[in-house]
Amino acid sequence: YDHLSALISQPWDICIVSRWADILPTVSSNPAIKRVYYWAHDLMSVSAAQLVYNNSNVYVTLTPFHASVSYAPEWRRGARPEPQNEEEVEIVIPNGVDLSLFGRDPQPPERQHGRLIWTANPNRGLYAATRIFRKLRETWPFLELHVYGRSAVYGWAADSPQGEWAYMPEADEPNVYVHEALPKAELYRELERSWAWYYPCTWPETFAISCLEAKAAGLPVISNPYSALVDTVQ
């Protein structure tokens, strides 16, 4: 930040602004910068006014959902000035997973019928998910729910305001098992032996990399069509 003024006064071919819309006016004021990429990634609050005013050349976002809730509809309704060249574009670059960590076992683990697995952050809907699971077991009592998603993965203590205990199932919740967080390779083995990835989500999901991991392990996805999950699950 201390060197920002010197950096953005240079005649760059491309200047990539990552998630920092407030700096766009300063960047755009330098006519020597040939192209500006605004890399919004998973931000949902970038206003059309910021981007129209600064006339970014390229807008990079995480999913079509993120593009639809930011500037894109207003630009398409004509709020944006006419493009100055034909190269101005919108780009969607999704997240990814390391496929080399899957399918390592010569004999894949056997799928365990009825074993549902939760691998996301617990504050993204685990409280609701366990109560839905309770209702599911009234019809399918053999179901099990295995929880591997823990707030510690995000650097949060379990007893912190963002911690998991408010979202965790009760200690005596039948057929719900809370496990310690695992390294990726070990977690993927647990995915490969499960029956389905279970994710009733109450969070405005930014992407759900855990969904891609589950699908890479061959799991069907049980979720709701909420925010970016519409794109990620598809």
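Values as computed for the structure displayed
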{"item": "Answer residue from the range 168-197, given it is surrounded by fewer than 18 Cβ atoms within 10 Å (Cβ to Cβ) and of a type in the set (Gly, Ala, Ser) and is modelled with the lowest pLDDT among those", "result": "ALA171"}
{"item": "Filtered residue count, the range 217-234, keeping only those that are in contact (Cβ under 8 Å) with a residue 24 or more places away in the chain and assigned to a loop (DSSP other than H, G, I, E, B)", "result": "8"}
{"item": "Complete set of residues in the range 123-137 that are over 20 Å from VAL153 (Cα atoms) and of a type in the set (Ser, Thr, Tyr)", "result": "THR130"}
{"item": "Elements of type strands (runs of 3 or more DSSP E) in the range 139-205, at least 3 residues being under 23 Å from PRO108 (Cα atoms) and more than 19 Å from the chain's Cα centre (by Cα)", "result": "144-147"}
{"item": "Matching residues, the range 101-126, being modelled with pLDDT of 90 or more and open to solvent by 30 Å² or more (accessible area, probe 1.4 Å)", "result": "GLU110, ARG111, GLN112, HIS113, ARG124"}
{"item": "Matching entry among ALA217, ALA181 (being small (Gly, Ala, Ser), out of contact with any strand residue (DSSP E or B) (no Cβ under 6 Å at 6 or more places or on another chain) and within 11 Å of ILE117 (Cβ to Cβ))", "result": "ALA217"}
{"item": "Test result for ALA214, in a loop (DSSP other than H, G, I, E, B) and aliphatic (A, V, I, L, M)", "result": "no"}
{"item": "Some residue of the range 223-234 being open to solvent by less than 20 Å² (accessible area, probe 1.4 Å), touching a helix residue (DSSP H, G or I) at 6+ places or on another chain (Cβ under 9 Å) and not aliphatic (A, V, I, L, M)", "result": "yes"}
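The values are calculated or read from the model by the stated rules, or taken from the named source; none is laboratory data. None of these values were measured; they are calculated from a predicted model. Note that we place each Cβ from the backbone using ideal geometry, even for glycine, and neighbour counts take in every protein chain shown. Only protein heavy atoms, including side chains, enter the accessible area calculation; ligands, DNA and RNA are left aside. Shrake-Rupley method; radii C 1.70, N 1.55, O 1.52, S 1.80 Å.
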